[in-house]
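First the structure, in the form of structure tokens, and then the observations on it.
The values are calculated or read from the model by the stated rules, or taken from the named source; none is laboratory data. What you see is a predicted model, and the numbers here were worked out from it, not measured in a lab. For accessibility, only protein heavy atoms count, side chains too; no ligands or nucleic acids. Shrake-Rupley method; radii C 1.70, N 1.55, O 1.52, S 1.80 Å.
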Amino acid sequence: PREVGALADGRRDQQHEGKDGQGEEAEHHGGHRRGPMTTDAAGDPTFKELLRRVSQTVLDGDAHKQVPFEKLVMELQPDRQSGASPLFQVMFIMQGQPSHPLQLPGVTAQQMQVDNGTAKFDLSLVIFEEQEGFTAAIEYNRDLFERATVRRMLGHYATLLQSNARQPDTHLSRLRML
């Protein structure tokens, strides 16, 4: 099984922020902390069933969102690698629309994406909800992936989403990605 990290509202541990290598990224996303999630895809479920399983995994994780990330690391005792997140290397973020834009007298503000030239994980996919639909941004470790490979992965992901939106009862083994 592969673990995927996700942001969780309220998972914020000020005592350990910055000490576990996770606080800076959490601050970048509104103070929300991330945690590992694994969903069982055994038995060749349909895409709809997989979504139900993922939803249940998220709800189960939400029940434990107050557990500090560092405590998870201490309890699970994963093999630690220098420069790598201890519990997962892939991050998925679903960023909903801001409830209201920041408005200050005499100031115009807008959200901007900033590329700092480094990737905190092997691969991070952020889906932004916008008025017109959704857009995606991806951050990746350039030592592991080439730009062309990442573009191809995004194309496969888009194909997968489109085909499953039309046929959600398709089994995972029969999903169209290419």
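Measuring with a 1.4 angstrom probe and ignoring ligands and nucleic acids, residue 107 comes out at about 80 Å² accessible.
Rolling a 1.4 Å probe across all protein chains gives residue 173 an accessible area of roughly 90 Å². Taking amide H as placed 1.01 Å from N in the peptide plane, residue 175 has no amide H partner under 5 Å among residues 5 or more places away or on another chain.
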